[in-house]
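The structure appears right after this line, and notes come after that.
The values are calculated or read from the model by the stated rules, or taken from the named source; none is laboratory data. This one's a predicted model, so the numbers in the text were calculated from it and none came from an experiment. We place every Cβ from the backbone using ideal geometry, glycine too, and count neighbours over all the protein chains shown. Protein only, heavy atoms only, side chains kept; ligands, DNA and RNA dropped before computing areas. Shrake-Rupley method; radii C 1.70, N 1.55, O 1.52, S 1.80 Å.
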Amino acid sequence: MLQELLKFINYWYFRYLLITELYMVEKWERVMIHIVLLIIFTIIGLFNWIVVLGAIGYFVGPVINDNIKRQVMYS
Amino acid sequence: MKTITDNMSITECINTSNYNEIKNDKSKHTFTAGTYQNGYNYKEYSGNYLRRNGKYLNGHTLTSSSDEEHLNYKLKRLNGTKALKKEKLVKESFEKPTLISTLLTSISFYILMFLGYISQALFPPKVATEHNRHGYPHLYDKFASFYSRYVYRRIRDCWNYPICSVPGAEVVLKERITPDNGWTFEFTGSQRKCINLGSYNYLGFAEKSGPCAELAIKTAHTYGLSTGATRQQYGTCEVHRELEKLTAEFLGVEDAITFGMGFATNSLNIPALLSPECLVISDERNHASLILGIRLSGATVRVFQHNDVKDLERVLKTAIYYGQPSEESNKHKPWRKICIFVEGIYSMEGSIAHLPQIIALKKKYKAFLYLDEAHSIGAIGKSGKGVVDYFGCDPKDIDVLMGTFTKSFGSAGGYIAGTKQFISYLRQKSYASKHACAMSPPVAAQIIAVLKILMGKDGTDLGKNRINALACNTQYFRRRLAQIGVITYGNQHSPVVPILVYLYSKIVYSVRTLIENNIATVGVGYPATPLLEARLRICLSAAHTKEQLDYALEIIEKVANDIGLKYSRLPKDPNPIQYETLELNH
Ligand SMILES: Cc1ncc(COP(=O)(O)O)c(C=O)c1O
């Protein structure tokens, strides 16, 4: 089971490397792009979470349940 | 006054202005046209002028709704019963990828460039750099050297493979490794025998034994390896004469001239035909040798979209209408000559020129046609005579028939064929015959032997069998690939099969994996192809057996599954393809 999962992850990691052209570059370059992509996607995620959802909430009332918010804040 | 007729040769036309009638037309209109020629808003105004007066410049109107019908009508008349052959064009495909894959390809290319620049900044290359050259411009193109060092260098192991055998159906590669990501290579000393899907050995005549090789060896014993002189001096031997006679006979034209190198045939003969006052209309995917020749001639160039006859007509019409873009005083002067440059089979696209339509256009607009059959001669057509044979056109309709002996003939050199007058003109005026050493006699002998086999002069039908075997392999391979679901470009009958992979990483992975599985193919990327259309190119050969092709297809399917090459959204043929019962309507 675990091996299946590992194989699956490995394969799609390989496909990700191909699609971003990272397959043919050196290791340190790969790591750098991983980090850059991670940062970009985190920022986009945060932006969506805080600004977009906030703005929508401003118009249509609270989108995020207060309970969830509290849980997120205090956990 | 002499006017140009269809069947006049280039030599006759050289001293006759090509557009006498047109000139007359123009002079009729100079008075009215004067106003707008000096006006600044020229284009718009001339358009209005056109519409208002319904008159024309340089003998042509720019808008004509019946052109299409006219062309079709002409085509039918030209081909007569051969109207059926037009069907062949329909089987050409240039399937587009989805928007998503195009987008991803562009983004990944930016990543690659970004990494390249960072890498260059952090680890400047250990190569000679230009120092203390204050005030000088860069001697080398900066982008070109960046590209080759930080993009191409990473994947350099997929190209320039040294080989150690004759490139027949199989080829032996000399293996090598790179310890430093492509900066340097070391030979491991081992060799690898691969199925050869990369050489232009269409008819499988690249052989080290057999009748062709024997004739070449015999000729080497008679004439040696070099003539040591140009054709105009002591460089013409019997073999050259015989070769030219046979070539002309094979192609069905009056005469032919041969040269020692295919590339030079194009680049050194075009300047002898065209001058700066001429217009060249060139396909956008034409080979470098044609482009170099056209540039050397100094003629004005207009490019039309790849294999797009409508665009060709648009370009032709506009160019004839506006005339030469020279100084104010003689603006709109008619062109001296107009010449259309196309190739038979395009080596990177696998497409076949739409010859019947192009010939109809050429006749309609009285332009010359230069056809480069480098890849198509021998490779297509019922008797291997290239695109002319494939479409059943008349070779005499084409003014300049050019081709090379490097591909199907397994030899070297190139030819130009046409009317007797035209060839005699070239014999005197061509740089390649005046200033270059004649073709090596054994090389010529190989071609002679091949030509004799193809024409059946050796009393066997070996030539016919090879042509059929190639057509069969092509059909089988292309249809199987379509079943697999990869995108292939080009005409169904073309033995050049590009498989689109789009990403550099995918080229690298597939070329490396295929070589590991003993299949040698060529990957092609920018700058040989457009930026986002990297591809794997496969050249089929008559020498391949069905087993070899099956094995190759099996591995290609595996690779396509592994890295996601099945981009094609065309419907697939559900029936298995039988090699033995393929219909060869080539
Ligand atoms: C269309 C075309 N013309 C000319 C040439 C040059 O021929 P050669 O390799 O014989 O010099 C090539 C070679 O690839 C070609 O593809």
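Quick one: net charge around B:Tyr200, please, counting Lys, Arg +1 and Asp, Glu -1 for every other residue with C-beta under 12 Å from its C-beta. List each step's numbers first, then the result.
Details: positive: B:Lys407, B:Arg537; negative: none.
Combined, the nearby Lys, Arg, Asp and Glu give +2.
Measure up B:Lys218/B:Lys452; B:Lys193/B:Lys457; B:Lys362/B:Lys396 against 23 Å on the Cα-Cα distance and list the ones that go over. Working shown, then result.
Values: B:Lys218/B:Lys452 16 Å; B:Lys193/B:Lys457 35 Å; B:Lys362/B:Lys396 13 Å.
From B:Lys218/B:Lys452; B:Lys193/B:Lys457; B:Lys362/B:Lys396, over 23 Å: B:Lys193/B:Lys457.
Under the definition of partner shielding as Cβ atoms of other protein chains within 10 Å of a residue Cβ, what is the mean value for peptide B:494-505? Each step should come with its number before you reach the end.
Working: counts 0, 0, 0, 0, 0, 0, 0, 1, 1, 6, 4, 10.
The shielding value for this peptide is 2.
What residue among B:Ile484, B:Ile453, B:Gly403 has its Cα farthest toward the positive end of the dipole of region B:372-499, where the charges are +1 on Lys, Arg and -1 on Asp, Glu, each on the Cβ?
Of the listed residues, the answer is B:Ile453.
Take peptide B:107-113, look around each residue's Cβ out to 10 angstrom, count Cβ atoms belonging to other protein chains, and average those counts. Please list the in-between numbers first.
Working: counts 3, 6, 1, 1, 8, 7, 1.
Per residue, the number of nearby Cβ atoms from other chains is 4 on average.
Can you divide the C-alpha Rg of region B:393-504 by 2.2 N^0.38 Å and report the result to two decimal places? Intermediate values should be presented prior to the final figure.
Values: Rg = 18.6 Å, N = 112, 2.2 N^0.38 = 13.2 Å.
Rg over 2.2 N^0.38 Å, computed on Cα atoms: 1.40.
Quick one: divide the alpha-carbon radius of gyration of region B:150-274 by 2.2 N^0.38 Å and tell me what you get.
Numbers: Rg = 20.1 Å, N = 125, 2.2 N^0.38 = 13.8 Å.
Computed over Cα atoms of region B:150-274, the ratio equals 1.46.
Let me know the volume per residue of the alpha-carbon convex hull for region B:261-302, in Å³.
Numbers: hull volume 2.1 nm³, N = 42.
Dividing the Cα hull volume of region B:261-302 by its residues yields 51 Å³.
Can you pull a Stokes-Einstein diffusion coefficient for region B:386-444 at 4 °C (1.567 mPa s), Rh from Kirkwood over Cα pairs, as a whole number of µm²/s?
Details: Rh = 13.1 Å.
So the translational diffusion coefficient is about 99 µm²/s.
Just to confirm my numbers, what's the Cα centroid distance between region B:308-375 and region A:5-24 in Å?
Region B:308-375 and region A:5-24 have Cα centres separated by 47 Å.
To the nearest Å, what is the center-to-center distance of region B:477-531 and region B:206-279, using C-alpha atoms only?
So the separation of the two Cα centres works out to 33 Å.
Convert each backbone phi in region B:531-536 into a coupling constant with the Karplus relation 6.51 cos²θ - 1.76 cosθ + 1.60 (shift: θ = phi - 60°), then list the ³J(HN,Hα) values in order as whole Hz, x for Gly and Pro.
3, 9, 10, 5, 8, 9
Among B:105-115, B:149-159, what's the highest-first ranking by average C-beta atoms within 10 angstrom per residue?
Numbers: B:105-115: 17.1, B:149-159: 18.9.
Taking the mean over residues of other Cβ atoms within 10 Å, the ranking is B:149-159, B:105-115.
Give me the percent of accessible area attributable to carbon and sulfur for region B:380-436, probe 1.4 angstrom.
On the way: 950 of 1810 Å².
The nonpolar share, carbon plus sulfur, comes to 52 percent.
How big is the B-A contact in terms of buried accessible area, both chains counted, 1.4 Å probe, rounded to the nearest 100 Å²? Please report the intermediate quantities before stating the final value.
On the way: alone 27350 and 7060 Å², together 32500 Å².
Roughly 1900 Å².
How many partner chain Cβ atoms sit within 10 Å of a residue's Cβ in peptide A:10-23, on average, as a whole number? Each step should come with its number before you reach the end.
Values: counts 0, 1, 0, 0, 4, 3, 0, 2, 11, 11, 7, 17, 5, 10.
The per-residue average across the peptide is 5.
Taking K and R as +1 and D and E as -1, what net charge do the other residues with C-beta under 9 Å from the C-beta of B:Cys278 add up to?
Details: positive: B:Arg336, B:Lys337; negative: B:Glu277.
Charge balance near B:Cys278 sits at +1.
With Kirkwood's inverse mean 1/r over C-alpha pairs for Rh, give me the Rg to Rh ratio of region B:211-454, two decimals please.
Working: Rg = 18.2 Å, Rh = 18.3 Å.
Rounded to two decimals, Rg/Rh equals 0.99.
Based on the mean of other beta carbon atoms within 10 Å per residue, what is the order of A:15-23, B:95-103, B:493-501, most packed first?
Details: A:15-23: 19.8, B:95-103: 12.3, B:493-501: 25.8.
Highest to lowest by the protection proxy: B:493-501, A:15-23, B:95-103.
Along its three principal axes, how long is region B:185-229 when you only count alpha carbons? Whole Å, largest extent first please.
40, 28, 19
B:Val524's amide H: which non-local residues (gap 5+, or another chain) put their own amide H closer than 5 Å, with H modeled 1.01 Å from N in plane and none for Pro or chain starts?
When sequence neighbours closer than 5 places are left aside, the close amide H contacts are B:Arg535, B:Leu536, B:Arg537.
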